[in-house]
Amino acid sequence: MHAVLAARSDFSIGESILDVERLIGCAKEVGATAVALTDTMSVTGLIDFTNRCKKAEIKPIIGCRLRLVDDPTWRKTKEDKKAPPEFFITVYVRSEKGLAMLFRLLSLAHSEERFYNVAKLGFDDVFAALADVSSDDIIIATSETLSVIQHANAAEILARFKSALCASSVLCQLTPINTPYYDALNARAVKLSQELELPCFVARPVWYAEGDAAAAEIMHAISRNTRIEEIWAHKPQFSNLHPLPVEKLVEECRGAGSRLRERYGVEAKLAFAEGLAMTRQLVDHCTYTWSKAPVSLPKMAEDEFMGVVTACKAGWAERFSAPIFGHKPTPEELRDVYQPRLKYELGVLKALGFSGYFLLVQDVVQFAKKQGILVGPGRGSVGGSLVAYLMGITDCDPIRFNLLFERFINPERIDLPDADLDFMSARRHEVIEYLVEKYGKARVAGISNFGTLGPASAVRDVSKAFGLSEDLYRCTKMMPKEHGQNIELKRAAEMVPEIGQFRDRFEPIWKTALKLEGVMRNLGRHAAGIVVGGCDLVERAVIERRTDGATVNWDKRIVEDQGLVKMDILGLSTLDLIDKTLAYIRKRHSKRVDLMRIPLDDEKVLENFAKGMTTAVFQFESGGMRRLLKDLGSTGSITFEDITAATALYRPGPMDSGMMDSYVKRKQGLEDVEYDHPVLRPVAETTY
């Protein structure tokens, strides 16, 4: 068995330039059958890593490199300007309990008391956490750089780890790299392992693919906002941190053993041989594999489904007692269309167990409305739910507008629901404060947003690191897009002459930018995403520090894999504008306008839309959109359905495909309307 046991992904920002996919690919190329992901103070890559390893038929091992200092509460003062030295250990996960320990430790490292420039822990923090786990849950190893074995009290620290777990679960890492630094580190590791009767194992750090050391050095400088020629850029002192095939690894071990005997008088050949065997044992012992977690939501009622049913009954009486937006269903429609639809939706919610989610979202919306915070009428797929309409979550009748419930929840493809909720921008914070106050600080947090080096930023940041003048990389402002998405650098150079000229003139910078395109640059917080858990979130995630507050380490793509359901709590300035408008009307005319009673077929309003008079109207203010509205109104009339179609058509895909132009021509009678089959006519007729 060949294993890569000290690999880092680009979640170790400034260290590794390998995303998870590339890391696994590099490991597979050298014949590895197991890979351990040991990012520095992060386990954020574990879900994607696990899934990709399974596809590649490689055994995934979850680990984490912990940063330890003697005093984690240290802060710089006039009297004490020198930060305490940092030491590292690597924790390998053997069970769910072991992963939970890492969640707690990493969350503590991001707490206000511990976080200072970087996340860190004290030795006592780790020893306290070990009281709740055993050798069945984790393995602790010395790290490959700045290891705890360099600590003045290394023997005492390792002895405490040994006492907390057991000798076979505390390992001294041997790193076969031919540099004086690693030889010295290995010599001390061998001596400590013999003194404390601890086993050694062999692992080499992996930060990049073979030949990419220079690119990693540039990324190191970018992450610290320095130039490569500046002495404080803190350049790595080695250039071969890439995966090795097993034959080369064994050869490196033999060389390291010989050097230790010659330079330090340490007999280490046996230690390296036993270390290779222990490496295989470590792989065998780490049997934990991550799997999806069950959904975690607050308990909203004793019988949540009946809570939804009761809310729907109340909403039925309210919604259909008077016209809303100028429309009131007939008794026949309510009996023949609305009731069957409601029965169907409720059946799906009950079967999938999503009732609690609807009650949670209703709770948020009701709070806002009671506090006078304007809430949007509904946007996105949630508008297709009659249950959401009856519960007051949306103000959009899905049956009136022919919207599909399956667009929101599809029982054949069970995804967690995701409601987009718009609130007044100036008062959005009140909604989040309410959630924190009601459900608890430990159970409410934002979600992460991962910033990577895009095509433009890759060229720009690499150019800065090389010390290039800004005038020379102005071409980054010309990076083309397709359907609103960035075009990769290679294609961009072929499409834009100025970018091609930069490529040819600054070849070293260009080649480096190509290698760093897509690499993790920074961690942020999603502008709107909020999770509310039924348990303390630290049981499902690492709680990290961001400018806007507590944030789970997962992003919007994978947060649901940990059973955390995302709500988008968006701030929309248009709602602030509407609120001010209503206030002016009350002040000047002593009238209270009920927005829900405004009809959607008002002739004067539609006439203005047909003329393109929509400056400052949300989503209709751009010049291109106003031209589209004028084209649609050129027939002499425009309907609300035309307006909703315009918002769907005025997007890169429909525009590039010619669909937008066809819609206009068909409405004007200049292009034939065809249907692939007669049964499609009632479905597609309104959109030509």
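The values are calculated or read from the model by the stated rules, or taken from the named source; none is laboratory data. Just so it is clear, the structure is predicted and the values come from calculations on it, not from any experiment. Here Cβ is always computed from backbone atoms with ideal geometry, including for glycine, and neighbour counts include all displayed protein chains. Remember, those area values only see protein heavy atoms, side chains included, never the ligands or the DNA or RNA. Shrake-Rupley method; radii C 1.70, N 1.55, O 1.52, S 1.80 Å.
Observations
- Of the residues Ala216, Ala189, Ala209, Ala273, the single one that is in contact (Cβ under 8 Å) with a residue 12 or more places away in the chain, outside any loop (DSSP other than H, G, I, E, B), more than 25 Å from Val91 (Cβ to Cβ) and among the hydrophobic types (A, V, I, L, M, F, W, C) is Ala273.
- Subset tally (residues that are closer than 16 Å to Ser622 by Cβ and either buried (at least 16 other Cβ atoms within 10 Å of the Cβ) or out of contact with any strand residue (DSSP E or B) (no Cβ under 9 Å at 6 or more places or on another chain) (or both)) for the range 632-657: 10
- Selection of the range 112-146 for residues being part of a loop (DSSP other than H, G, I, E, B), closer than 27 Å to Trp207 by Cα and either open to solvent by less than 40 Å² (accessible area, probe 1.4 Å) or in contact with a strand residue (DSSP E or B) (Cβ under 7 Å, 6 or more places away or on another chain) (or both) yields Arg114, Phe115, Ala119, Lys120, Asp137, Ser143, Glu144, Thr145, Leu146.
- Look at (1) part of a helix (DSSP H, G or I); (2) small (Gly, Ala, Ser); (3) open to solvent by 20 Å² or more (accessible area, probe 1.4 Å) and you find that Gly518 fails only one, number (1).
- Close contacts from the range 530-547, counting a first residue that is within 18 Å of Thr44 (Cα to Cα) and touching a residue at least 24 places away in the same chain (Cβ under 8 Å) and a second that is open to solvent by less than 40 Å² (accessible area, probe 1.4 Å) and charged (D, E, K, R), with Cβ to Cβ under 9 Å and a gap of 6+ residues or different chains, come to Ile530/Lys566; Ile530/Asp568; Val531/Arg540; Val531/Lys566.
- The range 518-537, residues that are within 22 Å of Ser12 (Cβ to Cβ) and of a type in the set (A, V, I, L, M, F, W, C): Val519, Met520, Leu523
- Top-ranked residue in the range 383-402 [being among the aliphatic types (A, V, I, L, M) and part of a loop (DSSP other than H, G, I, E, B); ranked as surrounded by the most Cβ atoms within 10 Å (Cβ to Cβ)]: Ile393
- Of all residues in the range 299-341, those satisfying the criterion of being among the acidic types (Asp, Glu), without any contact (Cβ under 8 Å) to a residue 40 or more places away in the chain and closer than 27 Å to Val565 by Cα are Glu302, Asp303.
- Filter result (of a type in the set (Ser, Thr, Tyr), more than 25 Å from Leu244 (Cβ to Cβ) and open to solvent by 10 Å² or more (accessible area, probe 1.4 Å)) within the range 147-203: Ser163, Ser168
- Residue within the range 632-641 that is without any contact (Cβ under 8 Å) to a residue 40 or more places away in the chain, of a type in the set (Phe, Trp, Tyr) and within 30 Å of Ala527 (Cβ to Cβ) present: no
- Subset of the range 403-424 [in a loop (DSSP other than H, G, I, E, B) and exposed (fewer than 15 other Cβ atoms within 10 Å of the Cβ)]: Leu404, Pro411, Glu412, Ile414, Asp415
- Residues being open to solvent by less than 60 Å² (accessible area, probe 1.4 Å) and either within 22 Å of the chain's Cα centre (by Cα) or basic (Lys, Arg) (or both) - total across the range 60-92: 8
- Residue within the range 37-51 that is at pLDDT 95 or above, in a strand (DSSP E or B) and either open to solvent by less than 10 Å² (accessible area, probe 1.4 Å) or within 22 Å of Ala293 (Cα to Cα) (or both) present: yes
- Single condition Val664 does not satisfy, out of (1) closer than 25 Å to Asn486 by Cα; (2) assigned to a helix (DSSP H, G or I): (1)
- Residues in the range 667-688 that are within 23 Å of Thr614 (Cα to Cα) and part of a helix (DSSP H, G or I) were compared, and the one that is most open to solvent (accessible area, probe 1.4 Å) is Thr687.
- The set of residues in the range 444-489 that are of a type outside the set (Val, Ile, Thr), open to solvent by 30 Å² or more (accessible area, probe 1.4 Å), within 24 Å of Asp555 (Cβ to Cβ) and in contact (Cβ under 8 Å) with a residue 40 or more places away in the chain comprises Asn449, Phe450, Glu482, His483, Gly484.
- The set of residues in the range 417-431 that are touching a Ser or Thr at 6+ places or on another chain (Cβ under 9 Å), farther than 22 Å from Glu406 by Cα and not aliphatic (A, V, I, L, M) contains only Ser425.
- Screening the range 596-626 for residues that are in contact (Cβ under 8 Å) with a residue 60 or more places away in the chain and either open to solvent by less than 60 Å² (accessible area, probe 1.4 Å) or of a type outside the set (Asp, Glu) (or both) and picking the one that is nearest to Lys369 (Cα to Cα) gives Met596.
- The range 147-173, residues that are touching an Asp or Glu at 6+ places or on another chain (Cβ under 8 Å), within 19 Å of Val93 (Cα to Cα) and not in a strand (DSSP E or B): Ala167
- Applying the criterion of being surrounded by fewer than 24 Cβ atoms within 10 Å (Cβ to Cβ) and touching a residue at least 40 places away in the same chain (Cβ under 8 Å) to the residues of the range 13-26, the residue that is nearest to Glu144 (Cα to Cα) is Glu15.
- Selection within the range 133-176 - acidic (Asp, Glu), at pLDDT 95 or above and within 30 Å of the chain's Cα centre (by Cα): Asp137
- Single residue of Leu680, Leu649, Leu670, Leu632 found to be out of contact with any helix residue (DSSP H, G or I) (no Cβ under 8 Å at 6 or more places or on another chain) and under 25 Å from Ile399 (Cα atoms): Leu680
Matching residues to (1) on the phi > 0 side of the Ramachandran plot; (2) assigned to a helix (DSSP H, G or I); (3) over 23 Å from the mean Cα position of the chain (by Cα); (4) not polar (S, T, N, Q):
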residue: Ile432; (1), (2), (3), (4): no, yes, no, yes
residue: Ala442; (1), (2), (3), (4): no, yes, no, yes
residue: Gly446; (1), (2), (3), (4): no, no, no, yes
residue: Asn449; (1), (2), (3), (4): no, no, no, no
residue: Ala458; (1), (2), (3), (4): no, yes, no, yes
residue: Ala465; (1), (2), (3), (4): no, yes, yes, yes
residue: Leu468; (1), (2), (3), (4): no, no, yes, yes
residue: Ala493; (1), (2), (3), (4): no, yes, yes, yes
